[in-house]
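Participant: Below you will find the structure I want to go over with you.
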Amino acid sequence: MLDLKFIRENPGTVKHAIEVKGVNLDLDELLRIDRELVELKQRVEALQTERNANARQVPKATPEERPGLIQKGKDLAEEIKGLEPQLRAHEDALRQLLLRVPNIPHPSVPVGQDDSENVELRREGQIPEFSFPPLDHVELLERQGWADPERVARVSGSRSYLLKGDAVLLEMAVLMFAMDFLRGRGLTPLSTTALVRPETFVGSGHFPGGEDQVYKIEGEELMLAGTAEVPVNSLYAGEQLSYEQLPLAYAAISAAFRSEAGSAGRDVRGLIRVHEFRKVEQYVMTRADEAEALRWFGVILENAEGLLRELELPYRVVQNVTGDMGAGKVLMYDIETWVPSEHKYRETHSCSYLGDWQARRTGLRYRDEHGKLVYAHTLNNTGIATPRILVPLLENHQQADGTIRVPEALRPYLGGREVLGVPV
Ligand SMILES: Nc1ncnc2c1ncn2[C@@H]1O[C@H](COS(=O)(=O)NC(=O)[C@@H](N)CO)[C@@H](O)[C@H]1O
């Protein structure tokens, strides 16, 4: 959410953001409702002033004047009451529209329609040359007996997954390594639930708009979050922190649930796009200082890159264009990791800076050095998400005999083993 004062004073800037982000919002309607609400409030205040002045006359009035004054007081009260519903309706309509106003993209963000126009910033790591025909992750899992797609589909339907044997240990090792690595980089570990209240999706910015991505539970207020960003972003909702408490930096592990509505037909095979997965999420709250927040953007980006380097995975960093960054973002980079079977980089991480856009939605403020209440800035990035990361991990580290070489960094989490699986 943006500051209404900023919107009133910079309608052109906001309209440009609406346009380049492809947001469906008529700012003129918002500004009209805002003006009408201001006028309504002024009328109510004028009536209240008149009513108070009138009430002060009653004790001084003569017996002849008194009934008229009392009646006038009643009429004024009635008129004020009559304006209440209109006032309420305007306040609700304005709030609903304010929630849809996108954040202003950083000047460095390229204007573009969708992810096909994202700009590659750099590539890291060596794309493997195989001396044998490499298998894709589904075949690798199959050959090692590490999956059972048919049976799990009977139990859970499409976009489900089940891992068996050492693939389970590998998934857990990757998550534990990521948590250890991020703790080592100064992030505080959290383990959160995915069951959250609907308003936490408004706080993160997933609602309004992303309702169809979220699983709801029959008869329950609670819903299933698609990322720990949702609960963590609302942990301090409504609180007033002190500036010494910031920055707060977390590595939050949780299950994540997504309906993937609208992704029909995409990535239907294997582990890339499933309904339930696990993620270690990096989440940071900083003071309202863009330079400091952008420094943190670099920190959480480098954390994710460091993890990929430790996993010995080739990747590239892309900058998302305005049409692919979502309403709340000021700046967004994706990290895409090389998937040999697809001969292309696939998104495994998404790094975002949102200014105070989320904090205004959750009421997250802090008292700055001068005692002034200021909204915090927030950022998030993927640490590691499984099973998606297992796709590049298995495929890049496969050996001619179908076994998987374990990257050095993971060996301590796998009892020192250097290879997983048996020659097949
Ligand atoms: N349906 C899915 N199945 C498997 N992994 C997924 C799925 N959706 C997202 N992910 C993983 O989760 C990562 C982050 O998802 S994201 O929507 O891009 N971004 C966020 O959720 C942010 N909170 C940063 O993590 C993705 O890069 C991907 O690695």
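Participant: Cα convex hull of region 46-188: mean projected area in nm², to one decimal?
Facilitator: Result: 21.9 nm².
Participant: Please order Asp267, Asp114 by the number of other Cβ within 10 Å, starting at the fewest. Before the final figure, lay out the partial values.
Facilitator: Details: Asp267 16, Asp114 11.
With the fewest neighbours first, Asp267, Asp114 line up as Asp114, Asp267.
Participant: Is region 294-345 best put as rounded, prolate or oblate by its Cα gyration tensor, with a ≥ b ≥ c the root eigenvalues, rounded for a/c under 1.5, and otherwise prolate when a/b is larger than b/c, oblate when not?
Facilitator: Since a/c reaches 1.5 but b/c is at least a/b, the shape of region 294-345 is classed as oblate.
Participant: Of the trypsin sites (Lys or Arg not before Pro) in region 363-415, which ones lie in a loop per DSSP and count no more than 12 other C-beta atoms within 10 Å?
Facilitator: Those that pass, being in a loop and sparsely packed, are Lys372.
Participant: Moving to a separate point now. Convert each backbone phi in region 204-217 into a coupling constant with the Karplus relation 6.51 cos²θ - 1.76 cosθ + 1.60 (shift: θ = phi - 60°), then list the ³J(HN,Hα) values in order as whole Hz, x for Gly and Pro.
Facilitator: So the J values, rounded to whole Hz, are 7, x, 5, 10, x, x, x, 4, 6, 8, 10, 6, 9, 10.
Participant: With 16 Å as the cut-off, how large is the P(r) tail for region 255-296, expressed as percent of Cα-Cα pairs?
Facilitator: For region 255-296, the share of Cα pairs beyond 16 Å comes to 57 percent.
Participant: Another question, then. Cut-off under 25 Å on the C-alpha distance; same-chain residues fewer than 8 positions from Lys279 excluded. Which lysines are left, in chain and number order?
Facilitator: Result set, ordered by chain and number: Lys164, Lys216, Lys329, Lys344.
Participant: Turning to a different aspect of this structure: Between region 113-184 and region 1-60, what's the alpha-carbon centroid distance in Å?
Facilitator: Result: 51 Å between the Cα centres.
Participant: Membrane-span-like helices in the chain: DSSP H runs reaching 18 Å or more (Cα, own axis), mean Kyte hydropathy at least -0.5? Please list the in-between numbers first.
Facilitator: Working: long enough: 27-57 (45 Å, -0.90); 66-98 (47 Å, -0.71); 166-184 (26 Å, 1.31); 290-310 (30 Å, 0.02).
Helices meeting the criterion: 166-184, 290-310.
Participant: Now for a different question. At q = 0.11, 0.20 Å⁻¹, what base-10 log of I(q)/I(0) does the Debye formula yield for region 252-391 when every alpha carbon is treated as an equal point scatterer in vacuo?
Facilitator: Log-scaled intensity ratios, in q order: -0.46, -1.29.
Participant: Give the residue list of GluC sites (Glu not before Pro) in region 123-168 that are DSSP loop and have at most 10 other beta-carbon atoms within 10 angstrom. Don't skip to the answer; put the middle values down first.
Facilitator: Numbers: sites: Glu124, Glu129, Glu139, Glu142, Glu150; in loops: Glu129.
Qualifying residues, ordered by number: Glu129.
Participant: Straight-line reach from Lys72: which lysines have Cα under 22 Å away, leaving out those fewer than 8 places along the same chain?
Facilitator: Within the straight-line limit of under 22 Å, Lys72 reaches these lysines: Lys41, Lys60, Lys81.
Participant: Once a ≥ b ≥ c are taken as the square roots of the eigenvalues of the Cα gyration tensor of region 163-300, is the result rounded (a/c under 1.5), prolate (a/b larger than b/c) or oblate (a/b not larger than b/c)?
Facilitator: Because a/c hits 1.5 or more and a/b fails to exceed b/c, region 163-300 counts as oblate.
Participant: Also, quick follow-up: For the chain, what number results from the quotient of the Cα radius of gyration and 2.2 N^0.38 Å?
Facilitator: Here the Cα radius of gyration is 1.24 times the empirical estimate.
Participant: Restrict the search to region 366-424; then list the GluC sites (Glu not before Pro) that DSSP places in a loop and that have at most 16 other Cβ atoms within 10 Å of their Cβ.
Facilitator: Glu369, Glu418
Read-outs: derived from the displayed coordinates by stated rules, not from any lab. Computed from a predicted model, the values in this text were never measured in an experiment. So basically every Cβ, Gly included, is an ideal-geometry build from the backbone, and we count neighbours across all protein chains shown.
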